[in-house]
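A.B. asks: This is the structure, below, for whatever I ask next.
The values are calculated or read from the model by the stated rules, or taken from the named source; none is laboratory data. Since the structure is predicted, the reported quantities are computational estimates derived from the model, not experimental observations. Glycine gets a Cβ as well: all are built from the backbone with ideal geometry, and neighbour counts include every protein chain shown. Note: accessible area is taken over every heavy atom of the protein model, side chains too, but ligands, DNA and RNA are not part of it. Shrake-Rupley method; radii C 1.70, N 1.55, O 1.52, S 1.80 Å.
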Amino acid sequence: MSLTLTVTPAAAVSLPAQETVPVTSRQIENFKIGSDQRLFGKLEFIGGIEMSSSNALLGAISSIRFRPNRKSFLAVMDTGHWVEGAIVRDGRGRLAGVSDLAVTSMIDPKGRSEQVKGEMDSEGLALRGGEALVGIEQMNLVEVYPDPGFAQSRPLATLPTFIPPKSLRGNRGLETIAVSPKESLLAGGAMVVSELSLDKAGHIYAAVLDGPRKGVFGVVQKKPFAITDGAFLPNGDLLLLERRFSFAQGVGMQIRRIKGDDIKPGAAVDGEILLQADMGYQIDNMEGLDVVAEPGGDIRVIIVSDDNHSILERNLMLEFRLVE
């Protein structure tokens, strides 16, 4: 079990420079290639964009969280960078592009920035009450940064995960961090899920870090998928984004819904598959997912891909409406 570690705010830290990244976006009209189908399982495709840039910094986005205005977002790259920006919509309300994209290197607990990937492999992100919680996969830590002020600060604390550190695989460790609604049974508690670290029963390690239901639980593995991100619905249910890859079949993805009431210490949770897609759809290495609640009650699900800074992969942002 890791311990909570409080550190001194970054008074003497040499602040990294923020770089503005120009983005060119191409709209994606159809989710299924060659088809105008809109409804896929429990999700209706609203629209999407493919993003590119002359600046090599664009890419490697592993998790994204939208602000309450439903336009501005904060994201992290698995290269150890913060990404701030805002989405742009067309006259029909569909995704049309992103603006004001700014990238800043994270500052680690020792006050260093521009670290190697293995030391700042930022895979998960969650926002809660003035804090930005970041999951560092290969170190299997949850670092707490101030929000606002994250880009100019080292972490202020490290949250305990309750998962035995030796049980988390180096490149299959902490992948997802999400904050539950305050009105749910988890009462605003933060939750982590590993990508593909298995307990003795063969379930994927997960844990609630604080609140009335804190403790370790498991997520039933859906072979050959691994978990890449997740976010809570307003009613307390959890959506998990999962990815598979093979050289024979390429990439695939699915979104699974876990009932929030089932999440508690010692449980092994499973749920309904809302959506599945393969290379016949406009997907890539899908890594990040967020839930956005519209004022009229609509629930939007936005997912992003990690291009691994490879010319063979794409930076995608796709938007769906949850059909209850």
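A.B. asks: Carbon and sulfur atoms: what percent of the 1.4 Å accessible area of the stretch 11-84 do they account for?
C.D. replies: Reported share for carbon and sulfur atoms: 50 percent.
A.B. asks: Further, regarding this structure: Pop the C-beta distance of Ala56 and Val220 into the FRET formula with R0 = 30 Å and round what comes out to the nearest 0.05.
C.D. replies: For R0 = 30 Å, the calculated efficiency reads 0.15.
A.B. asks: In addition: How much area per residue is accessible in the stretch 206-324 when the probe is 1.4 Å and only protein heavy atoms are counted (Å²)?
C.D. replies: On a per-residue basis, the stretch 206-324 sits at 39 Å².
A.B. asks: If the chain between Lys200 and Lys264 were fully stretched, how many nm would it gain, using 0.36 nm times the residue separation less the Cα-Cα distance?
C.D. replies: In short, 21.3 nm is gained.
A.B. asks: How far, in nm, would the chain grow between Ala187 and Glu114 when pulled straight, counting 0.36 nm per residue and subtracting the alpha carbon separation?
C.D. replies: Additional length available on full extension: 22.7 nm.
A.B. asks: Another question about this same structure. What accessible surface, in Å², does a 1.4 Å probe find on Arg243, ignoring ligands, DNA and RNA and rounding to the nearest 10?
C.D. replies: Per-residue accessible area (Arg243): approximately 40 Å².
A.B. asks: Let me ask you something else. Beyond a 19 Å Cα-Cα separation, which of these cross-linked pairs lie in this structure: Lys42/Lys223; Lys214/Lys259; Lys200/Lys223?
C.D. replies: Lys42/Lys223
A.B. asks: Let me ask you something else. Leaving out ligands, DNA and RNA, and with a 1.4 Å probe, what % of the accessible surface on the stretch 163-295 is carbon or sulfur?
C.D. replies: 51
A.B. asks: Can you give the extra length, in nm with one decimal, that the chain gains between Asp298 and Asn171 once fully stretched, where that is 0.36 nm per residue apart less the Cα-Cα distance?
C.D. replies: So the extension gain works out to 42.1 nm.
A.B. asks: Find the percent of Cα-Cα distances in the stretch 87-195 that exceed 19 Å, and round it to a whole number.
C.D. replies: It works out to 53 percent of all Cα pairs.
A.B. asks: Right, next: Provide, in order from the shortest bin, the percent of all Cα-Cα pairs of the stretch 161-283 in each 10 Å bin, continuing until the bin that contains the maximum pair distance.
C.D. replies: So the P(r) values, bin by bin, are 14, 47, 30, 8, 1.
A.B. asks: Return the distance in nm (one decimal) between the two label points of a simple spin-label model at Ser99 and Leu39, each offset 7 Å from Cα along Cα→Cβ.
C.D. replies: Between Ser99 and Leu39, the label points sit 3.5 nm apart.
A.B. asks: Can you pull the accessible area of Ser99 for me, 1.4 Å probe, Å² to the nearest 10?
C.D. replies: 40
A.B. asks: Mind giving me the nanometre distance, one decimal, between the label points for Arg92 and Gln249, set 7 Å out from Cα along Cα→Cβ?
C.D. replies: Distance between the two pseudo-spin positions: 3.2 nm.
A.B. asks: Same structure again: Specify the inter-centroid distance of the stretch 149-181 and the stretch 53-78, based on alpha-carbon positions, in whole Å.
C.D. replies: 19
A.B. asks: Before I look further, what does the stretch 7-137 give for accessible area per residue, probe 1.4 Å, in whole square angstrom?
C.D. replies: It amounts to 43 Å² per residue over the stretch 7-137.
A.B. asks: Now for a different question. Go ahead and run the numbers for FRET between Ser14 and Glu313, Cβ-Cβ distance against an R0 of 41 Å, rounding to 0.05.
C.D. replies: According to the calculation, E is roughly 0.80.
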